[in-house]
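See below for the structure under consideration.
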Amino acid sequence: MKAGETLRRSGVLLHPTSLSGPDGIGDLGAASRNWIQFMMDAEFGTWQILPLGPTGYGDSPYQSFSTYAGNPLLISLDEVDREGCLPEDLAGDRERPGEGLVDFGRLIPLKVGYLTRVAEAFQSRAPAEIQSAYRSFCEEHCNWLDDYALFMAIKDHHQGVPWVEWPRALRMRKRRAIESFEREYEDDVQRYKLWQFFFFRQWDAVHRSCTDAGIEIIGDIPFFVAHDSADVWAHPELYHLDRSGNSTVVAGVPPDIFSPTGQRWGNPLYRWDVLKQEDYHWWIERILHTLTMVDVVRLDHFRGFESYWEVPASSPTAEVGEWIPGPGADFFHTLEEKVGRLPIIAEDLGLITQPVLELRDQFELPGMKVLFFAFTGDPDHAYLPHNYTSNFVVYTGTHDNNTARGWFDNASEEIRHFCRSYLATDGADIAWDFIRAAWSSVAERAVAPLQDFLGLGSDGRMNFPGRAEGNWSWRVLPQQLNDELIKRIYDMNWMYSRIRTQKPDEEA
C-alpha cells in the first residue's frame, strides 16, 4: 500500500450458525476451518458475524442470556472428541441432523443432551491438561462466569421462567439462598461453566486462524440487553427496575411511516447516571471482553448513545414515550482512555439526527451505508455510492434485510427502474451488480451477506424483523462454496484493490 492510501477491505457477513456441517448447525470445528480456507482462497480480508451469546426464545442472537457468554450450540463435538473429552458412546454413534436449515426445535434438546453427557464424563475422561486448562479458565473469567452459570442453573430448575418469577430470595440474590443453591446443584453450575470453557477454547482457535490469515473479524454488540439475562439479574442497580425487578421503562422507537404505533422492543433501559459514577465500568468491560474475541466492534443502535426513546413499561405500544439524552461524548472519551483509538463501527441506520452524526464524526467512527436504502430516485441520496467518503462500511444489505435478489424482486417498478438506470444493468444478476457498486466505491470496507454472493432470493433471508419465529435458521450448503464462486469473488476483490494485505505462510 502506497503512502497516503487507505486500506481497502472486502468482507462477507455470515454468522457461524449458518456454516455447513453434519450436526445440524454451524460449529467451531471443521466447519469454521473450511470457511476460513474459503475466505482465504477468495481473498476476503473481513468476516462479519452477529453476537455470539447464548440465545433464548426466538433464537435471536440479539436477545441473549448473557452479554459475555458464548452460545454452546456452536461447540464442535468433534473437537471435544479430538481432545479426548467425548464419552465413548458418543464418539462414533450419535445422531447427526445433517445439512439444511437449522431446526432449533429439534437441535437444542439433542445437542444440549450431548453436551450434558460431556459434562458428566469430564472429570473421569478429560486429560489432566484439559482439566487444568478448565480450572484456569474459571479463575480468569470469574467476574462474569460465576453469575452466568448460576443464573442458567437456577433458570433450569425453575422450568425456564424469567428470573423475576423466581422465589424472592433467589430473585433478589440473598446470600444464604444463593449459597444453598450452589451447594445443592454444584454439578449443574459447573456444567454451564464447562460449556463456556469449550466454547471459548474453540472460538479462540478460530480467531487465531483468522488473524494468521490476515482476516479481521467484525463482531457485534447490541446496545440493549435482554431483561431475562444474567446481566440484569446480577446488576439490577444499572437499570430502571422496580423493587420486584420488573422494568419501569423500556426501549423502543417512536411511530413512523412504516409503523404507526412505533416499535416497543421491551429491553430494560440503563441508569446512565449510575454508570457514569462508576466510569462506565460495566460497559467498558463489556467492550474490552468483546475485543478479546473479535478485532472490530459494530455498535448496534449507535444513536442510543446520543439519545434513546423511553417508553413506559405499562404502555402496550411505543406511541407514548420521549427522547432521553444518552451518555454522549463523555462515554467515548472515557472509553478512549481505556482502549485508545476505538476499533468501532457505528450502526447509524434508522432515524438519525444531526447530533448523532456529530457524535460519530467527533470520534472518527466509520458509519454504515446500505445500498437497499439508496434507490429512492434522489441522486443526492447519502447511500448512493457516488456520494460516499472513505470512512464508511458499505453493505449490499444486512441480516435484517431481504437479500439483494429478494429486495429487487419485491420492489416497486419505479424503484427498480432507478436501480437499473443507476447500476447500468438489466437486473438479471442484480446481487452481483450490488456487489460491484459497493466494491468499486471509496468506502474503506465493503461487505455483503454470503446470500448475495450466492444470488439467493427471499428464501435465503436470515431475519424478518417483527416475526417471532422462523428466523436465524439459514445455512450454506457445502456445494455452494465451490471453485467457480471463489474465482468470481477473487476477481472482484482483485479488480477493486480489496485483496487481503497480510499474507500468511500458506505453504507452511
### Query
Hey, with R₀ at 22 Å, roughly what FRET efficiency would ARG82 and LEU477 work out to, going by the Cβ-Cβ distance, to 0.05?
0.35
### Task
Whole Å is fine, so just give me how far the alpha carbon centre of the stretch 415-485 lies from that of the stretch 120-184.
42 Å
### Query
Once the Cβ-Cβ distance between GLU129 and SER315 is put in as r, and R0 is 41 Å, what FRET efficiency do you end up with, to the nearest 0.05?
0.15
### Query
Using the Kirkwood formula over every pair of different C-alpha atoms, what hydrodynamic radius in Å results for the stretch 366-438?
12.3 Å
### Charge tally in the Cβ shell below 15 Å around GLY377, where Lys, Arg are +1 and Asp, Glu are -1, GLY377 excluded
-2
### Task
Return the distance in nm (one decimal) between the two label points of a simple spin-label model at SER440 and GLU165, each offset 7 Å from Cα along Cα→Cβ.
5.6 nm
## Note on the structure
With N residues in the stretch 174-226, Rg(alpha-carbon) / (2.2 N^0.38 Å) equals 1.75
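Determine the shape class of the stretch 33-145: with a ≥ b ≥ c the square roots of the Cα gyration tensor eigenvalues, call it rounded for a/c under 1.5, and otherwise prolate if a/b is greater than b/c, oblate otherwise.
rounded
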### For ARG135, net neighbour charge (Lys/Arg +1, Asp/Glu -1) across residues whose Cβ lies under 12 Å away
-2
### Longest exposed-site-free window of the chain, the sites being chymotrypsin sites (Phe, Trp or Tyr not before Pro) in a DSSP loop that have at most 12 other C-beta atoms within 10 Å
259-508
### Task
Would you please name the GluC sites (Glu not before Pro) within the stretch 294-372 that are DSSP coil residues with at most 10 other C-beta atoms within 10 Å of their C-beta?
GLU364
### Task
May I ask you to evaluate 6.51 cos²θ - 1.76 cosθ + 1.60, the Karplus curve with θ = phi - 60°, for each residue of the stretch 29-35 and list the ³J(HN,Hα) values in order in whole Hz, giving x for glycine and proline?
x, 4, 4, 6, 4, 5, 5
### Query
Just one of (i) 0.96; (ii) 1.08; (iii) 1.02 is Rg/Rh (Cα atoms, Kirkwood Rh) calculated from these coordinates, so which is it?
(i)
### Message
Given N residues in the stretch 224-340, what is its alpha carbon radius of gyration divided by 2.2 N^0.38 Å?
### Response
1.11
## Note on the structure
Around ALA149 (Cβ within 10 Å, Cβ-to-Cβ, excluding ALA149; K/R +1, D/E -1) the net charge comes to -2
### Message
For a quick check: sort ARG360, ARG271 by the number of other beta carbons within 10 angstrom, fewest at the front.
### Response
ARG271, ARG360
### Query
How many nm is it between the label spots at ASN34 and ALA205, if each spot is 7 Å from the Cα in line with the beta carbon?
1.6 nm
## Note on the structure
Stretched fully, the stretch from GLU99 through HIS333 gains (0.36 nm per residue minus C-alpha distance, one decimal, in nm) 79.6 nm
### Summary
Per DSSP, the loop-located trypsin sites (Lys or Arg not before Pro) within the stretch 1-81 having at most 14 other beta carbons within 10 Å are LYS2
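Laboratory data are not the source of any read-out in this text; all were calculated from the coordinates shown. Computed from a predicted structure; not experimentally measured. Backbone-built Cβ (ideal geometry, glycine too); neighbour counts: all protein chains shown.
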